[in-house]
Structures are given as structure tokens and as C-alpha cells.
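Structure first, then comments.
The values are calculated or read from the model by the stated rules, or taken from the named source; none is laboratory data. All of these numbers come straight from a predicted model, not from anything done at the bench. Using ideal geometry, Cβ is built from the backbone for each residue, glycine included, and neighbour counts are taken over all protein chains shown. Note: areas computed on protein heavy atoms with side chains; ligands, DNA, RNA excluded. Shrake-Rupley method; radii C 1.70, N 1.55, O 1.52, S 1.80 Å.
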Amino acid sequence: MARFIGAPSTEEVVFVRGATEAINLVAQSWGGANLKPGDRIMLSMLEHHSNIVPWQMIAARTGAGIDVAPLTEDGRIDLDAMAAMLTERHKLVALAHVSNVLGSVLDARRAADLAHKVGAKLLLDGCQAVPRMAVDVAALGCDFYTFSGHKLYGPTGIGVLWARGEILEAMPPWQGGGAMIDKVSFARTTYAPPPARFEAGTPHVVGVLGLDAAIEYVETIGLGAIAAHEAALVRETRDALSALNSVRLFGPEDSAGIVSFAIEGVHPHDIGTILDESRVAIRAGHHCAQPLMAHLGVEATARASFGVYNGVQDVEALVRGIARVTRIFG
Ligand SMILES: Cc1ncc(COP(=O)(O)O)c(C=O)c1O
């Protein structure tokens, strides 16, 4: 796992249930120890709820506040605007590496430089990045990186938190129990060094082995090849859908593997149901990103999300299905 994400040491890789648990761990452990009243946490408008709510919870506990970086017109995190907002009071910046709604890819290196310039740490939510591009945490320059196994063709219930060694070393335990201790007595309990300190209880051995198999699978295909394959499918899809007057496309032209759209006068759930009848499976809803939906001025979007198993024939089926939606709804 360490090699897969370019981590310098296996000691820096903590197995968790998924990105949600990883972010809660960082918020409660690192945030609980490092945030104080008046400190600020920088998020962005496109974050998944799992990269919003844990910060709201720790902000309420510590007296820290939250700022929200805006988006550019085409749906990227606006790093120029964020640079102007960041101050020495910001202790943490937490951003999606790739948006699960818009597919926009963050300039993570620049985000790291901006965060570090004011003395803040950078957490990247890599859920949608690891299945779509080669990730090297050392090159990205971030301080925390998280992802979930089931978005990487692996099992549910397993995920990874990576953090810089010295940061993990200084973090207090979050959950207590077996396997995370050094010595236990009623007088005094001492804790194991990381990563064991953060892996209380019986480990999810099956999940880790499943995730290992998934990594072998994507590495056999090659993440460069996967990125190019999905980029080509996104291009085809955006070209085809932008030719249809009634379709509104969200996100930047070069979005990674994800195309969100809306059809005028048709609820995304109806789009999903009709496409389903044509054997095209999309996701419809708020995608756990309600603040982003409010920003876009919609309640929900329809979202095509590509994987290694998709081909041009799937794009064609999607476009045929959308033509059917527009026929049915006149
Ligand atoms: C960008 C992003 N972040 C976080 C999550 C949360 O992942 P999990 O529910 O596996 O913890 C998801 C899952 O939908 C996601 O797409």
C-alpha cells in the first residue's frame, strides 16, 4: 500500500474502514490536539459530506472556524481565491483531489504550497483520484491522504489513511482497545507507535487482502493507461452531450472519469430510471455534496462515472438513452 501511493514508509499507512473514518480520525485526533478557538479550517465548495461534517464536529468541539474556498466558473477549486483567503490562523486545508461530482482534478502541488506557506497542513481526499491516476504522496507534498477500497475495485469496509511519519507520531490515539497499546494497567496505559496506535481492535484482514488484489489489478492495467482510457471516454461523452440543447454539463472539459449533467425539465432520478431501462447505470442524486448542489442551483445531478470496464459502446448507449429521455419528456 505504501508503494502504491508513494509513501516513504509502511509505518505511515493506517488501515481504516474508508475515507470517512480516515477523515474523522484526523479531525478527532490531530484536530483535537492542534485546533483551538480562533483557528481556521479551509475546505472547498465541492467537498463530499465526509470532508465537511467531521470538520464541523471538531470545529464545534475546539472553537475553530471553517472557511470555504469558492470554485472557478468551470468547477475547479479556485486556488487563486483560496490563496487570498488563507491566513496564519489556518491550521488545516482539506480538499478533494478529484471531485466525485464534477471530476475536476486539483492542482495538489500548488494547494500544498499554499497551505504550507501559512503553516497549515494539507489533507487530500483521494477517493476519486486513486482509481483514476497514479498518486505519489511525496510528489504531491500533502500531509494526509485518504481513500476507500471500494472505489478502487476493492472491497467495502477497508480504506487507507496516510500521514507524514512525524505527524502520526505526535497524534494521540483516537479509538482505544486491543492491538493499539504498548502496556495496559489501571494505573497507566501506554500506546503502541503508529500505525498500530490507530488500528484498535481485530484488523480487517480480509479487506486488506482484497484491497491488495485490487491494487494488483489496476497496476497490471497501469494507472497511466486507465487515466488515458477514462479521459477519452469523458471527451466522447462531453462532445456528444454538449451537442444536445437540453443537456447542461457540469465540471471542466478535462474532468477525470466523471461527467455530471442535467436535462432541462427532467428530474435526475427520472433520467436514471429511464437510462436503467436501457441498461445504462448512472448515479442520480446529491452525491453527498449538498453544498455543491446549492452552489450549482440544482437539487441533484445525473452522473456518468467511468471505470476500466467501460468502452465507447457504453458512451453510445448513454447518448441513445438520453435521446430517449428527451423523447419521453418531449
Ligand atoms: C470524494 C469522496 N470522498 C469521500 C467519500 C466517502 O467514502 P466512504 O463512504 O467510502 O468513506 C466518497 C464516497 O462517495 C467520495 O467520493
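Looking only at the stretch 281-305, count how many residues are in a loop (DSSP other than H, G, I, E, B) and open to solvent by 20 Å² or more (accessible area, probe 1.4 Å). Don't jump to the end; show me each part of the working.
Narrowing the stretch 281-305 to residues in a loop (DSSP other than H, G, I, E, B): 281-282, 286-289, 297-300.
Filter again for open to solvent by 20 Å² or more (accessible area, probe 1.4 Å), leaving 281-282, 286, 288, 297-299.
Of the residues in that region, 7 qualify.
Can we say G201 is part of a loop (DSSP other than H, G, I, E, B), farther than 25 Å from D143 by Cβ and either open to solvent by less than 50 Å² (accessible area, probe 1.4 Å) or at pLDDT below 95 (or both)?
Details: part of a loop (DSSP other than H, G, I, E, B): yes; farther than 25 Å from D143 by Cβ: yes; either open to solvent by less than 50 Å² (accessible area, probe 1.4 Å) or at pLDDT below 95 (or both): yes.
Criteria met by G201.
Only residues that are more than 21 Å from A138 (Cα to Cα) and surrounded by fewer than 21 Cβ atoms within 10 Å (Cβ to Cβ): list them for the stretch 2-20, please.
Hit for the stretch 2-20 is R17, nothing else.
Might you let me know whether the stretch 249-271 holds any residue that is part of a helix (DSSP H, G or I) and either among the small types (G, A, S) or surrounded by 21 or more Cβ atoms within 10 Å (Cβ to Cβ) (or both)?
Within the stretch 249-271, the subset part of a helix (DSSP H, G or I) is 268-271.
Then drop every residue that is not either among the small types (G, A, S) or surrounded by 21 or more Cβ atoms within 10 Å (Cβ to Cβ) (or both), which leaves 268, 271.
Yes, the stretch 249-271 contains a residue that is part of a helix (DSSP H, G or I) and either among the small types (G, A, S) or surrounded by 21 or more Cβ atoms within 10 Å (Cβ to Cβ) (or both).
Being among the charged types (D, E, K, R) and assigned to a loop (DSSP other than H, G, I, E, B) is the filter; apply it to the stretch 1-45 and report the residue that is farthest from the ligand (Cβ to nearest atom).
Here is the first cut: in the stretch 1-45, the ones among the charged types (D, E, K, R) are 3, 11-12, 17, 21, 36, 39-40.
Among the residues that remain, those that are also assigned to a loop (DSSP other than H, G, I, E, B) are: 3, 17, 36, 39.
Values: R3: 22, R17: 7, K36: 27, D39: 23 Å.
Ranking the qualifying residues of the stretch 1-45, first place goes to K36.
Hey, among the residues in the stretch 145-168 that are outside any strand (DSSP E or B) and hydrophobic (A, V, I, L, M, F, W, C), which one's nearest to the chain's Cα centre (by Cα)?
Kept after step one, since they are outside any strand (DSSP E or B), are these residues of the stretch 145-168: 149-158, 164-168.
Now drop any that are not hydrophobic (A, V, I, L, M, F, W, C), which leaves 152, 158, 167-168.
Details: L152: 12, I158: 15, I167: 21, L168: 21 Å.
Ranking the candidates gives L152 first.
Are any of the residues in the stretch 101-120 in contact with a helix residue (DSSP H, G or I) (Cβ under 7 Å, 6 or more places away or on another chain), within 16 Å of the ligand (Cβ to nearest atom), under 30 Å from G63 (Cβ atoms) and touching a residue at least 40 places away in the same chain (Cβ under 8 Å)?
There is no residue in the stretch 101-120 that is in contact with a helix residue (DSSP H, G or I) (Cβ under 7 Å, 6 or more places away or on another chain), within 16 Å of the ligand (Cβ to nearest atom), under 30 Å from G63 (Cβ atoms) and touching a residue at least 40 places away in the same chain (Cβ under 8 Å).
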